[in-house]
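The values are calculated or read from the model by the stated rules, or taken from the named source; none is laboratory data. Bear in mind the structure is a predicted one, so any value in this text is a computation, not a measurement. Here the Cβ positions follow ideal geometry from the backbone for every residue, glycine too, while neighbour counts run over all protein chains shown.
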Amino acid sequence: QKEVEQDPGPLSVPEGAIVSLNCTYSNSAFQYFMWYRQYSRKGPELLMYTYSSGNKEDGRFTAQVDKSSKYISLFIRDSQPSDSATYLCAMIRGQNFVFGPGTRLSVLP
Amino acid sequence: KAGVTQTPRYLIKTRGQQVTLSCSPISGHRSVSWYQQTPGQGLQFLFEYFSETQRNKGNFPGRFSGRQFSNSRSEMNVSTLELGDSALYLCASSFGWDQPQHFGDGTRLSIL
């Protein structure tokens, strides 16, 4: 079992839909949680960074962390075609950065 | 504020050659990490440097090496290239271990 699991998709949704992306992890030592967005032929871009359980909102994006269930989510409201990308969750355990495999999202106009 | 800069963006090499990739981190960032990204394996951690010292190393053969200079710029070297080394090599920098990493756009290495 991998430390961080993420559904690879692809996930296709119509424009305007609410998107839910999820990651589960097995090690309770993870303390910090991030979401990255990666467009084709580009490096991952940091979207959200949080270290506590609960919700954090930034524009159309909401990151949710549930440490008791070892589960994190990223919600995208009013999704746009420009949101089509691969989304990677990432976590920090000590000095180790661990990435999920990524979920490919397509938002159809 | 300038982001992480990686050079070159594209490289084509043949088996057996060696290659050096360069990374300039965000100003003030002292931690630089390197990753290999392939469609089948995702992001795989190579190594991390902090203040010119390698702090962490992933599970890659000794053909993969790196270093960091006093200005935090970093290089990674791959010797005796193999076909399987074809990948996107990403560099990321941060202030420290508990801070999010910021990525460059990578160097796409193709081995013929």
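Using the structure shown, decide if B:S110 is away from every other protein chain (no Cβ under 14 Å), more than 26 Å from A:F30 (Cβ to Cβ) and surrounded by fewer than 20 Cβ atoms within 10 Å (Cβ to Cβ).
no
For A:G43, are the conditions met, namely being within 14 Å of chain B (Cβ to nearest Cβ) and within 10 Å of the chain's Cα centre (by Cα)?
Numbers: within 14 Å of chain B (Cβ to nearest Cβ): yes; within 10 Å of the chain's Cα centre (by Cα): no.
When the stated conditions are applied, A:G43 does not pass them.
Please work out if B:E52 is surrounded by 13 or more Cβ atoms within 10 Å (Cβ to Cβ) and more than 9 Å from chain A (Cβ to nearest Cβ).
yes
Within segment A:50-69, restricting attention to residues that are modelled with pLDDT of 95 or more and within 28 Å of B:L88 (Cα to Cα), which residue is surrounded by the most Cβ atoms within 10 Å (Cβ to Cβ)?
Among those residues, the one meeting the criterion is A:A63.
Report, ordered by the first and then the second residue, all pairs with beta carbons closer than 6 Å, sequence separation of six or more or different chains, a first member in segment B:1-14 that is under 29 Å from B:F95 (Cα atoms), and a second member that is of a type in the set (D, E, K, R).
Pairs that qualify, where the first residue is under 29 Å from B:F95 (Cα atoms) and the partner is of a type in the set (D, E, K, R), are B:Y10/B:R108.
So for segment A:15-26 (the condition being more than 13 Å from every other protein chain (Cβ to nearest Cβ), at pLDDT 95 or above, touching a Phe, Trp or Tyr at 6+ places or on another chain (Cβ under 7 Å) and within 19 Å of A:N96 (Cα to Cα)), does at least one residue qualify?
yes
Conditions: (1) buried (at least 18 other Cβ atoms within 10 Å of the Cβ); (2) more than 11 Å from every other protein chain (Cβ to nearest Cβ). B:L90 meets all but one. Number of the miss?
Result: B:L90 fails condition (2) only.
Strands (runs of 3 or more DSSP E) wholly in segment B:1-92 with at least 2 residues that are among the polar types (S, T, N, Q) - which ones?
Values: elements: B:5-7, B:10-13, B:19-24, B:31-38, B:42-50, B:53-57, B:64-68, B:74-78.
So the answer is B:5-7, B:19-24, B:31-38, B:53-57, B:64-68, B:74-78.
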